[in-house]
Amino acid sequence: MFEDFFYLQGIDDGTDFMPLFQVDEGEDDTTSDDEYSEIIPVLALKNTVLFPGIVIPITVGRDKSLKAIQKAYAGDRMVAVLSQKDAKVEDPSFDDLYHTGTVARIIKLLKMPDGTATAILQGRKRFAVSELTKTTPHLEGRISVVADVSAKNELEFDAIISSIKDMAKQIIELSPQIPSEAMVILKNINKNSFLLNFIASNLGIKIPAKQQILETNELDTRAESILHHMDNELQLLELKDKIEGKVRGDIEKQQRDYYLNQQLKTIQEELGGNPQEGELKVMMDKAETKKWPTTIGEAFKKEITRLGRVNPQAAEYSVLFNYIDLLLELPWNEFTEDKFDLKNVKKELDKDHFGLEKVKDRILEHLAVLKLKGDMKSPIICLVGPPGVGKTSLGRSIANALGRKFVRMSLGGLHDESEIRGHRKTYIGAMPGRIIQSIKKAKTSNPVFILDEIDKVGRDHRGDPSSALLEVLDPEQNETFQDNYLDLEYDLSKVLFIATANSLSTIQPALLDRMEIIQVSGYSTEEKIQIAKNHLVPKQRKAHGLRAKNVKFSQKILKEIIEGYTRESGVRGLDRQIAGAMRGIAKRVAMEEKYDVSLKSEMVVELLGPTKFSKDMYKEAHVAGVTVGLAWTQVGGDILFIESSLSKGTGKLILTGNLGDVMKESATTALTYLKSNAEKFKIDPEIFSKKDVHIHVPEGAIPKDGPSAGITMLTALASAFNDKPVKSHLAMTGEITLRGKVLPVGGIKEKILAANRAGIKELILCQVNKKNVDEIEKNYIKGLKFHYVDKMDEVLKIALK
């Protein structure tokens, strides 16, 4: 507010300055005798407002301003001072100026060597300008003096003035730039109107706010406005003083801590011990046993030297200490020895998992090459299949069979790239990425590393983790993997990465290209019986505190549970049902109730409730227009009905059942093909214009899409138009074309297993899909009859009775 109180600054007519005043003129009402012409020269100021009684020095540089000052100085020395609305305007017009200002007396005019002039002005009275009567060679205006309006409530006004004085005292005390003599000057001002002008002139507020104070006629309103601005400035000063005090206290504390630490260090040296040196020595001794590369050894020496120079109390000390500790904890060139007894490895894998032959063969092939060559980069395997088929647990079995450490990292819902690569160690709370952290926990550089749910990695503004995984999963790059925190190359080429996914559609193509895809299909009923018998029943029996003599599951009962209570590709649901049965048995054992140890069908219903699924729905005689199709989902294969019906209308096609665009197009294609071949299939062509066709796929809450229901929809329509029911126990899958060709589709194994589970006896597939059926073990498809077709004619010949 009063920072430059005693400084007289020669400034341009547009520059900030600190106003002065003369006590004698401020106190005496000498301005009352001043006489002013109605039209006088006008001086425009850029960055300040002149108040009555205030003395200011200005350097006049603009030509019009210089001529206005000279004209006034040659006459009665009176000039009308107005403030500009915009300081950037060099030649202001009437609209560019505020219309209320202060008449000033030119006390002194000094000509300067550079052609400018310095004028000392004293504000006399406020005025309002009605117009500019002259704009060249200088400004002149028509003015009228504006008088102050006395306060309505003198007592209240005196109270405000007293508050202003008290607040001014506080501001002077808090601001180190204001000399203490300023208080003496304030005490010598006895006239309230002049006190208000003086303080308003010195307030650190913007020009529009000062102008508003100048334009206020009522003294009490003007005082309230000034008090408000002073209150804001006082709050700012108090906050500033509080911050400075805190910083000053922190600096003093640091100096005190440093002094005490130096004293402590000296005392410890005298006593012959230093904890910091002890920590450094332990680290140096540990480093001697490491087999790390030369570059890592050099980096360690550099960082340990820096650590020795840093004050233990400094924040940097813990950052350096944690980084060096990570260097020492990582297993540089430390590997577990692989077991090369391939027969034993195969036995271990078969013991834990039934089936999954492709995966087991791939692991055995890798071990065989390692055994013969002695060194080989590990493959990047991606196991793709429905939930519950044992993808994740297979990783642990592989680790046990190879004699390696096992690490699992879940990627589901991961959004932050730094979770993979880590943070820069300069950040507070920085830490290495989860890859390096997992390697550190494993304490070996060649663990079996499961990247679980790689298809569920997200991306947002924090980065794309799947792009960060490109380096991790590329055998050509991962031998020089660089974590942001570690900032050194780490060799991941010996790590056996196994990724798991339910679907390939959401995996980034570049990432997919780096992995060896192995499809893990669902289990047949026979496989599930073996898994339950050898793994799930013993596991749940042990988990529920039961013994073999307490309960026995026959193959028949296991089959009933599988077919009546589960409908899945994996065995998670089966595991839950077996656990439910075990809980019921455990309750009977604990309560000493009598029960049959060998479970029977009635006991299963008592323990698990009525069956949830039935094959009868696919065995019943269907009406015309209903066909059974095969679908692939992320949880394996499934059965779906395609229903069609005809009603009087104009030939519209209605599709319901939450169908996707591709499936809708298949329905349109099927109807168009039937229309164009109506006579061939003995259908009256006129019926298409007289009947509306409605195709519905049940379970409308579930979205459905894909081209594989093409032949199913065509068969359902042909059945409806011919009024012939489709052959029972028959299901089909395949894409169609407008020419009536049948095209191959995917997910054949899952679809066939689903059909087998549902009790389907015959299947219609595209001829090209025969190779997919040949890959399936014969016992999985025992009892199923396959019809391989190329054209829709063949499909309808088989399907329609």
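The values are calculated or read from the model by the stated rules, or taken from the named source; none is laboratory data. Bear in mind that the values here come from a model prediction, so they are computed numbers and not experimental data. Positions of Cβ are backbone-derived with ideal geometry, glycine not excepted, and every protein chain shown enters the neighbour counts. Note: accessible area is taken over every heavy atom of the protein model, side chains too, but ligands, DNA and RNA are not part of it. Shrake-Rupley method; radii C 1.70, N 1.55, O 1.52, S 1.80 Å.
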Accessible surface of F354 - all protein chains present, 1.4 Å probe, nearest 10 Å²: 80 Å²
For G141, residues with placed amide H under 5 Å, excluding near neighbours: I40, V42, T133
Mean separation of Cα contacts under 8 Å, 6 or more apart, over the residue count of segment 223-364: relative contact order %: 18 percent
Principal-axis tilt of helix 391-402 within the chain, Cα atoms, nearest 10 degrees: 80 degrees
K371 accessible area, assembled protein chains, probe 1.4 Å, Å²: 120 Å²
Sequence-distant residues sharing a close amide H with E417 (under 5 Å, placed H): G463, D464
Formal net charge of residues neighbouring A631 (Cβ-Cβ distance under 12 Å; K, R +1; D, E -1): -2
Karplus-derived HN-Hα couplings along segment 768-776 (A = 6.51, B = -1.76, C = 1.60, θ = phi - 60°), whole Hz, x at Gly and Pro: 5, 6, 4, 5, 5, 5, 5, 6, 7
DSSP-assigned coil residues among GluC sites (Glu not before Pro) in segment 449-518, each with at most 13 further Cβ atoms within 10 Å: E476
Length-normalised contact order of the chain in % [C-alpha pairs under 8 Å, at least 6 apart]: 7 percent
Phi-based couplings in Hz for segment 195-201 (Karplus 6.51, -1.76, 1.60; Gly and Pro marked x): 4, 5, 5, 5, 5, 4, 5
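For a protection proxy built on the mean count of beta-carbon atoms within 10 angstrom, sort 683-696, 492-505, 90-103 highest first, please.
Numbers: 683-696: 15.6, 492-505: 21.5, 90-103: 17.6.
Output ranking for 683-696, 492-505, 90-103: 492-505, 90-103, 683-696.
Rounded to the nearest 500, what is the 222 nm mean residue ellipticity of the chain from helices alone, with -39500 (n - 2.57) per DSSP H run of 4+ residues and division by all residues? Could you put the intermediate results ahead of the total?
Numbers: 29 runs with 341 residues, N = 801.
That comes out to -13000 deg cm²/dmol.
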Acute angle (nearest 10 degrees) that the helix 154-174 long axis makes with the longest principal axis of the chain, alpha-carbon atoms: 70 degrees
Degrees, to the nearest 10: 572-590 long Cα axis against longest axis of the chain: 80 degrees
Exposure of R77 as accessible area (Å², to 10), given a probe of 1.4 Å and all protein chains: 80 Å²
Normalised alpha carbon radius of gyration of the chain [divisor 2.2 N^0.38 Å]: 1.66
Under the Karplus curve 6.51 cos²θ - 1.76 cosθ + 1.60, θ = phi - 60°, whole-Hz ³J(HN,Hα) for segment 300-308, x wherever Gly or Pro sits: 5, 4, 5, 5, 5, 5, 4, 4, x
Solvent-accessible ranking of V551, V745, largest area first, probe 1.4 Å: V745, V551
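Using only the heavy atoms of the protein chains and a 1.4 Å probe, how would D76, D455 rank by accessible area, largest first? Numbers along the way, then the final one.
Working: D76 75, D455 15 Å².
So the residues, ranked largest to smallest area, are D76, D455.
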